[in-house]
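**Q** Got a structure for you, questions after.
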Amino acid sequence: MKENVLILSIESSCDETAAAVVENGRNVLSNVISTQIEIHKEFGGVVPEVASRKHIENISDVVEEALKNANVTSEQIDAVAVTYGPGLVGALLVGVNFAKGLAFAWQKPLIGVNHIEGHISANYIEDKNLEPPFICMVASGGHSHLVYVKDYGKYEILGVTRDDAAGEAFDKIARAIGLGYPGGPLVDKTAKMGNKDAIKFPRVIIDEETLDFSFSGLKSAVLNYIHNSEQKNEKVIIEDVAASFQEAVVEVLAMKTMKAAKKKDCNTVALAGGVASNSRLREILQEQCLAAGYKFTKPSPVLCTDNAAMIGAAAYYKYLNKQFADSSLNALPNLELESN
């Protein structure tokens, strides 16, 4: 086995066209992200067909820039990795087919990576000393997972969302109070100016035994509050709504995460996914881990949102185990992270 393994990784599961070169799963030599936020902002959310077309336009330049920024050539690359699910099928197909073409042309192994596994692996980049086992809360626009990372590539799913994912709830409430898209960062920013105790929104626990999540009831409670206030001609203070809603989400996420750590007798807790960049969630988990004597780790915000560096980190451990894909690799929009 080579001493230094260089992986070119590609991520195109939603509206970010990204490519990176990652060395040994931890050292990021380049991480290029072409975002479509401004394009989709006018629609209030991602339009799948538009996203796919922009990926086609951008992917070649993004990959070329990743190689240039890393100061490496295709000959130095040891494998090509790509997200093959979950995500938008058209967007995924652009990345998968481009990666298959590169791997074939360069005569390099091809590695398919689960997007959720990529988010978890972002922690290996941020914390060079992090090793399994650890508990990871994965919270993003499409996913809310509580995962026990037993080993590299070995997972036990402890809890999932039963309806809306946390990030999805943030986006919907952001639209309801007129903040626009993308909702998560805008709610976080607005909440800093509000009173988190102003409105008593429900904390949906489901029951004491399960570590699953449910945010649809909370979303309905917020929408009902806004509707009732408007009917009574009462002023809706959006800063207070944002802060109170955010607190209801992060309290449940943090509580379930700490419960999972205790259940698995695991003293390391990690965050991952777009919602992992939420300042209040990071703050509350930091406080609770400190109080419990747990180690707490979290990726930088740029590694929380969709990026290719995290895909390269996950791919490295598949490379070591020779878990390679062939030309039949296809986009799987509903791909799940499975307990194994």
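Please treat every number below as a calculation from the coordinates, not as lab data. From a predicted model like this one, the values you see are computed outputs, not experimental measurements. Here Cβ is always computed from backbone atoms with ideal geometry, including for glycine, and neighbour counts include all displayed protein chains.
**Q** Students often check this: by mean Cβ neighbours within 10 Å, which of 145-157, 107-119 ranks highest, and how do the rest follow?
**A** Descending mean neighbour count gives 107-119, 145-157.
**Q** Right, another one. Express in nm, to one decimal, how much length is gained between GLU65 and LYS232 on full extension, taking 0.36 nm for each residue of separation and deducting their alpha carbon distance.
**A** Gain in length upon complete extension: 54.6 nm.
**Q** Going by C-beta contacts inside 10 Å, put ILE173, ILE7, ILE311, ILE33 in order with the fewest on the left.
**A** ILE33, ILE173, ILE7, ILE311
**Q** Taking a cut-off of 23 Å between Cα atoms, list the lysines near LYS235, but don't count ones fewer than 8 places away on the same chain.
**A** Straight-distance partners of LYS235: LYS172, LYS189, LYS192, LYS196, LYS200, LYS219.
**Q** Now a separate question. Kindly state, to the nearest 0.05, the FRET efficiency for ASN4 paired with ASN224, given R0 = 51 Å and r defined as their beta-carbon distance.
**A** For ASN4 and ASN224, the calculated efficiency is 0.35.
**Q** Would you kindly state how much longer the chain becomes between GLU336 and ARG162 on full extension, computed as 0.36 nm times their sequence separation minus their alpha carbon distance, in nm to one decimal?
**A** Here the segment from GLU336 to ARG162 would lengthen by 61.2 nm.
**Q** Output wanted: per-residue J couplings in Hz (rounded whole) for region 109-125, from phi through Karplus 6.51 cos²θ - 1.76 cosθ + 1.60, θ = phi - 60°, x for Gly and Pro.
**A** Per residue, the Karplus-derived 3J(HN,Hα) values read x, 10, 10, x, 10, 6, 4, 5, 4, x, 4, 4, 5, 4, 5, 5, 6 Hz.
**Q** Sticking with this one: Which of the chymotrypsin sites (Phe, Trp or Tyr not before Pro) found in region 28-106 are loop residues per DSSP with 16 or fewer other Cβ atoms within 10 Å of their Cβ?
**A** PHE43
**Q** Once percent of Cα pairs over 36 Å apart is worked out from the coordinates, which option in (1) 30; (2) 16; (3) 20 does it equal?
**A** The calculated read-out lines up with (3).
**Q** Taking H as built 1.01 Å from N, whose amide H comes closer than 5 Å to the amide H of LEU29, not counting residues under 5 places away?
**A** Distant-sequence amide H within range of LEU29: VAL21, VAL22, GLU23.
**Q** If you don't mind, another one. How large is ³J(HN,Hα), in whole Hz, for each residue of region 15-26 in order, when computed from phi with the Karplus curve 6.51 cos²θ - 1.76 cosθ + 1.60 and θ = phi - 60°, using x for Gly and Pro?
**A** 10, 10, 9, 9, 9, 8, 10, 10, 9, 6, x, 10
**Q** I'd like the FRET efficiency for GLN323 and GLU57, computed as 1/(1 + (r/R0)^6) with the beta carbon distance as r and R0 of 25 Å, rounded to 0.05.
**A** Working: r = 31 Å, r/R0 = 1.25.
E(calc), rounded to 0.05, equals 0.20.
**Q** Report the relative contact order of the chain, percent, no decimals, based on alpha-carbon pairs under 8 angstrom and at least 6 residues apart.
**A** Value for the chain: 25 percent.
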